[in-house]
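Peer 1: I have a structure here, written as structure tokens, and I will follow up with some questions on it.
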Amino acid sequence: MVKILAIYGSPRRKGNTSLLLKNAVKGAIEAGAEVEELVLRDLKMSPCLEIYGCKETGRCVIQDDFQKVYDQLLSCHGLMLASPIFYYTVSAHTKILMDRCQSLWAKKYWLEKPLEKRKATRKGLFISVGATKGKRLFEGTLLSIRYFFDVLDTELWRSLLYRSLDLERDILGHPEYLLEAHRSGKELVQAIKKID
Ligand SMILES: Cc1cc2nc3c(=O)[nH]c(=O)nc-3n(C[C@H](O)[C@H](O)[C@H](O)COP(=O)(O)O)c2cc1C
């Protein structure tokens, strides 16, 4: 069965990116996937302390909720990550997760150990929303996400990026965006089934 990890990176439980991701999760379940949902604001996760304890084994030595997330990241076939734009990058919750994955970077590039034996790379869906309309609103974030996904052996399969949404639930005024997220969740699972 296709396993998907859905990561909610907004501090708002029912904000714009959360509602979009909820729809993507529904789509993925309808396509037959098993979905694990992770709400970052509910986790106790320290930022990376840059002590490189991970240099020995490829595993982060800080004992907190990241330990479980590490296993979830490695065992899924597909990733769905949603974060609002905060100062032209991801939310602090999301950035903490990204930085803790430096332990995976150390595993791959310092210890030269592959993350796992898989036939194909994972596929990832990235969802983001910002309040403004600027052409370059998502530019920096997309660069970070590409590098982050790369560390996780995850191809950035699709990104859903929506502008001019600010207040909680502004997204409800755009049912077409919610439908697109739902369809993307479904299509992500179908794309993974094709390669596995
Ligand atoms: C700390 C903070 C920083 C923000 N920075 C930006 C920004 O740089 N550009 C932008 O367009 N919107 C910015 N916003 C607005 C959010 O991206 C916007 O409200 C979004 O809809 C929130 O999504 P959410 O409901 O999923 O959390 C910021 C909001 C906060 C709270």
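Peer 1: Determine ³J(HN,Hα), in whole Hz, for all residues of the stretch 126-136 in sequence, where each value follows from phi through the Karplus function 6.51 cos²θ - 1.76 cosθ + 1.60 and θ = phi - 60°; x replaces Gly and Pro.
Peer 2: My calculation for the stretch 126-136 gives 10, 10, 8, 9, x, 7, 9, 10, x, 4, 9 Hz in order.
Peer 1: While we're here: How big, in percent, is the set of alpha carbon pairs in the chain lying more than 29 Å apart?
Peer 2: Result for the distance tail: 20 percent.
Peer 1: In the stretch 30-124, if every C-alpha pair distance is counted and binned at 5 Å from zero, what percent goes to each bin?
Peer 2: Reading the bins upward from 0: 2, 12, 21, 23, 20, 15, 6, 1, 0.
Peer 1: Ignoring ligands, DNA and RNA, please state the percent of accessible area on the chain from carbon and sulfur, probe 1.4 Å.
Peer 2: 53 percent
Peer 1: Give me the 1.4 Å probe accessible area per residue for the stretch 1-119, excluding ligands and nucleic acids, in Å².
Peer 2: On a per-residue basis, the stretch 1-119 sits at 50 Å².
Peer 1: By a straight-distance test (C-alpha under 23 Å), which lysines pair with K108 as possible cross-link partners, with residues fewer than eight away in the same chain excluded?
Peer 2: Of all the lysines, those that pass the test against K108 - Cα under 23 Å, at least 8 places apart if same chain - are K3, K55, K68, K95, K117, K119, K123.
Peer 1: Rounded to the nearest whole Å³, what is the per residue volume of the convex hull around the Cα atoms of the stretch 115-196?
Peer 2: 97 Å³
The values are calculated or read from the model by the stated rules, or taken from the named source; none is laboratory data. In this text, all values refer to a predicted model and were calculated from it rather than measured experimentally. The accessibility values were calculated without ligands, DNA or RNA, using every heavy atom of the protein model including side chains. Shrake-Rupley method; radii C 1.70, N 1.55, O 1.52, S 1.80 Å.
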